[in-house]
Amino acid sequence: MTAEGVAVPSQRRWPMPSRTALGISAMAVLGYIIIAIPSGAFANEQYINALTIGSLYALIALGYTMVYGIIELINFAHGEIFMVGTFVALITIKTLGFTDTIHDPLLLGGVLLVIFLVSMILVGFLGVLIERFAYRPLRNAPRLAPLITAIGVSFILQNIVFVGYSNSVVTTPKLIPFDEIQIGPVSIRIINLFVISVALVLITALHVFTTRTRLGTAMRSTSMDREAAALMGVDINRAIAITFFLGAALAAAAGVVQTQYLGTTVFNIGFRAGLFAFTAAVLGGIGNTTGAALGGFVIGFVEVASSAYGYGRWSEAIVFTTLILVLIFRPNGLLGQQTAERA
Amino acid sequence: MTAQATKPDAVGPREMWDRARAFLRAHQALRIIIGAIIIAILLPTIGGIFAQVAPGFGTQKDWVGGFADAGVFILLACGLNVVVGMAGLLDLGYAAFFAIGAYTYAYGASTFTGLQVPFWVMLFVAAGVAAIFGILLGAPTLRLRGDYLAIVTLGFGEIVPVVILNADAWTRGTNGIVGLSQPNLYGILGINSFGFQNPYLYYGTVLVIIATVFILLYRLQDSRIGRAWSAIREDELAAASMGINTVTTKLAAFAIGATTAGLGGAFYASKLGIVSPDQFDFSVSFTVLAMVVLGGMGNIWGVAAGAFIIYEIQHQGLKQLGQFVQSLHIAPISLGPLTIDLSTINFLNYQYLLYGLALVLMMLIRPEGLFPSRRRRRELHIEEDETAEFLAAEELER
């Protein structure tokens, strides 16, 4: 993107957002065509599925990209944070005493709000704790050191759940009714609509937070140049802690979505989800929040399309191949800017 | 001896000892071979003593078989050490190359394909195939920032078992490939096929492989490329500006790591007689990484010791701890709502939790590992060293 922009200055007439918007629309149409061909009559349904799963990955990918943006660390424990989110949501639902779908819309809304708040806040603080004890002491250590602690943390979280809660797949009560509603020409299940809107609301909220508030500005300045930000009076420790809080909270929201949409969780669910979401973050251009969200939707499409074409068992291999191809041909991602590379 | 005795400056035993030490210090390969011979005798003896003292822990044969398996992990840890410890690249999917080595052996020497290539040839074939995969994976990704490599290898390590699992037609899926042939000496020393009954032969074989790998790795470490690895690890930009081709150098580390894993895989497959995808999941990569980090990144002996210790804790220690605790018949401890019944705890469940804790604590407290290499230690404590140098310089000026 940068190379083209430099080579053809006339393209600069296009303001960036509209170019991005055009690209996204084109990809959405392309995605629909790819999914529609094998799905036939289920085309709409599959498309909405892809958007829903994409929302899930987008929420997780945001955490990867934010943390990478601010301290240049691939937070391997992020997938496990998502996993903890699913279990916190499950425990909250059980504590509240619900075991089945809730049909009263007011009650349902209230319950969901409680679940989201509890999971996001608790898991957010978990993220802050991890940063404080596992990453902060190593901020100036060789790059390998925090990566290794990140792996250690991910195994600790996974095995705490494995030993302490369950060593097999657990089903979670789905609170949202399985009904369809009609919006114009398309009918959509409430759950899908709910998941997609939750993702869009949270992504927008994050965008507003990072661009319009003082704390968000502090975060962005820290990710641009930590020392300069510190000299300008930004408390960088606080900015980094808030980044971890937000990233973990978004992963927890994805965890709630997982329990409500797919209805199962297991102690090692974070590994695959984390790998997919990381691919999404790289795909969108790591460090770029819009890109991470976009990448999440793309990965959702890739996964749904691979099962639509009958290669569901291979979806991991396909996503992984996507990652390698992106790294080879577009290492800065779809929306990523050229960053100074050490290599 | 007599020649020395006739010399005018007759040497006392102490001086001879010093000379022998100096000779050994100068001849690394000899030192490794002597070390291997000592270990070849020592460990089975220890196993035998254990078998006598505590029969519940298994017979001497069980112990020696366990040591041979530990040898596989020593090979893996030494190979990963080249990538992580020497070149400073984080490889999280190392088990993939182990799997590739093992499956290559399964293709070359089993009833599944009908081929019966000798074990000794297959060792090299498996190592070569693993190296090719290492280069194929490394070539596109090593150009990128180091962190990407970690995630790509993580993905690769995840994908290889998935592919093996799903491509049933070629790999027999979950069932795995059975009927792998054993190593064969064709009557040399009166030994034909190793069979499954005699762990001593496997133990000896793995020791020979390890000693060879040790000699090669030490020579590599002290060679031009070894110095290039540590230069890249310490400062890639500086290394590149000194004229080191960082991509090919890193690729070499990656390929050599993969080669060692391929060797380990072929040996492991021949000893077990079966390969299946679940032997090569992420926990293997993680265990080997823990071995390298705990042993002391960059130090070949240290890493081997770390691998041995962790393997024995994992396969003997935790299992026996569980049986031991059960044999104590401790009554369940009741702490209000929480009841702890020690006899029902399966300590093996906690192993990855312990590894995770060990990794984090190690990085925070002693990042150079239990048995650090001197160079690595200095890198990790560079600030202290610089302060010391600074103080020393000030002293001199005065």
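Which members of the stretch B:143-162 meet the condition of being more than 8 Å from chain A (Cβ to nearest Cβ) and not polar (S, T, N, Q)? Hits for the stretch B:143-162 are B:L149, B:G157, B:V160, B:P161.
Of the listed requirements (1) within 14 Å of chain B (Cβ to nearest Cβ); (2) touching a residue at least 12 places away in the same chain (Cβ under 8 Å), A:S119 misses just one: (1).
Look through the stretch A:170-187, keep the residues that are aliphatic (A, V, I, L, M) and more than 19 Å from A:L59 (Cβ to Cβ), and return whichever of them is modelled with the highest pLDDT. Step through it out loud before you land on a result.
First, the residues of the stretch A:170-187 that are aliphatic (A, V, I, L, M): A:170, A:175-176, A:181, A:183, A:186.
Next, only the ones that are more than 19 Å from A:L59 (Cβ to Cβ) stay: A:170, A:181, A:183, A:186.
Numbers: A:V170: 86, A:I181: 80, A:I183: 76, A:V186: 75.
Across the stretch A:170-187, the extreme among qualifying residues is A:V170.
Within the span defined as the stretch A:46-53, every residue fails to be more than 22 Å from A:F276 (Cα to Cα), of a type in the set (S, T, N, Q), out of contact with any Pro (no Cβ under 6 Å at 6 or more places or on another chain) and at pLDDT below 85. For the residues A:T149, A:T86, the requirement of being surrounded by 24 or more Cβ atoms within 10 Å (Cβ to Cβ), within 25 Å of B:G88 (Cα to Cα) and either polar (S, T, N, Q) or in contact with an Asp or Glu (Cβ under 7 Å, 6 or more places away or on another chain) (or both) singles out A:T149.
Taking the conditions (1) assigned to a helix (DSSP H, G or I); (2) among the small types (G, A, S); (3) closer than 26 Å to B:V275 by Cβ in turn, B:G48 satisfies each one other than (3). Considering the stretch B:163-189, the residues that are touching a residue at least 12 places away in the same chain (Cβ under 8 Å) and within 14 Å of chain A (Cβ to nearest Cβ) include one that is surrounded by the fewest Cβ atoms within 10 Å (Cβ to Cβ), namely B:T174. For the stretch B:64-89, give me each residue that is more than 16 Å from B:G134 (Cβ to Cβ), part of a helix (DSSP H, G or I) and of a type outside the set (D, E, K, R). Hits for the stretch B:64-89 are B:V64, B:G65, B:G66, B:F67, B:A68, B:A70, B:G71, B:V72, B:F73, B:I74, B:A77, B:G85.
Which residues, taken from the stretch A:180-198, are part of a helix (DSSP H, G or I) and over 17 Å from A:T101 (Cβ atoms)?
First, pick out the residues of the stretch A:180-198 that are part of a helix (DSSP H, G or I): A:190-198.
The answer is A:I196, A:S197, A:V198.
Each row is one residue, and each column tells you yes or no for (1) out of contact with any Pro (no Cβ under 7 Å at 6 or more places or on another chain); (2) surrounded by 19 or more Cβ atoms within 10 Å (Cβ to Cβ).
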| position | (1), (2) |
| --- | --- |
| B:A240 | yes, no |
| B:G243 | yes, no |
| B:V247 | yes, no |
| B:A252 | yes, yes |
| B:I256 | yes, yes |
| B:T259 | yes, yes |
| B:S270 | no, yes |
| B:G273 | yes, no |
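Given the options B:G273, B:G243, B:G298, name the one that is at positive phi and within 12 Å of chain A (Cβ to nearest Cβ). Give the derivation first.
Details: B:G273 fails: within 12 Å of chain A (Cβ to nearest Cβ); B:G243 fails: within 12 Å of chain A (Cβ to nearest Cβ).
Answer to the selection: B:G298.
Looking only at helices (runs of 4 or more DSSP H) that lie completely in the stretch A:223-315, which have at least 3 residues being touching a Phe, Trp or Tyr at 6+ places or on another chain (Cβ under 6 Å)?
Details: elements: A:226-231, A:236-261, A:269-284, A:289-308.
Answer list for the stretch A:223-315: A:236-261, A:269-284, A:289-308.
Among the candidates A:V201, A:V161, which residue alone is within 12 Å of chain B (Cβ to nearest Cβ), of a type outside the set (S, T, Y) and part of a helix (DSSP H, G or I)? Before you say what the answer is, go through the steps one by one.
Working: A:V201 fails: within 12 Å of chain B (Cβ to nearest Cβ).
Result: A:V161 is the single residue among A:V201, A:V161 that is within 12 Å of chain B (Cβ to nearest Cβ), of a type outside the set (S, T, Y) and part of a helix (DSSP H, G or I).
Candidates B:Y103, B:Y107: the one that is modelled with pLDDT of 80 or more, farther than 25 Å from A:R143 by Cα and under 20 Å from the mean Cα position of the chain (by Cα) is B:Y103. Scanning the stretch A:299-321 for residues that are charged (D, E, K, R) and at pLDDT 80 or above yields A:E303, A:E316.
Among B:L251, B:L237, which is without any contact (Cβ under 8 Å) to a residue 60 or more places away in the chain, within 14 Å of chain A (Cβ to nearest Cβ) and of a type outside the set (S, T, Y)?
Values: B:L251 fails: without any contact (Cβ under 8 Å) to a residue 60 or more places away in the chain.
Only one candidate qualifies: B:L237.
The values are calculated or read from the model by the stated rules, or taken from the named source; none is laboratory data. Predicted model, so just to flag it, every value in this text is computed and none were measured. Reconstructed Cβ throughout: ideal geometry from the backbone, glycine too, with neighbour counts over all protein chains shown.
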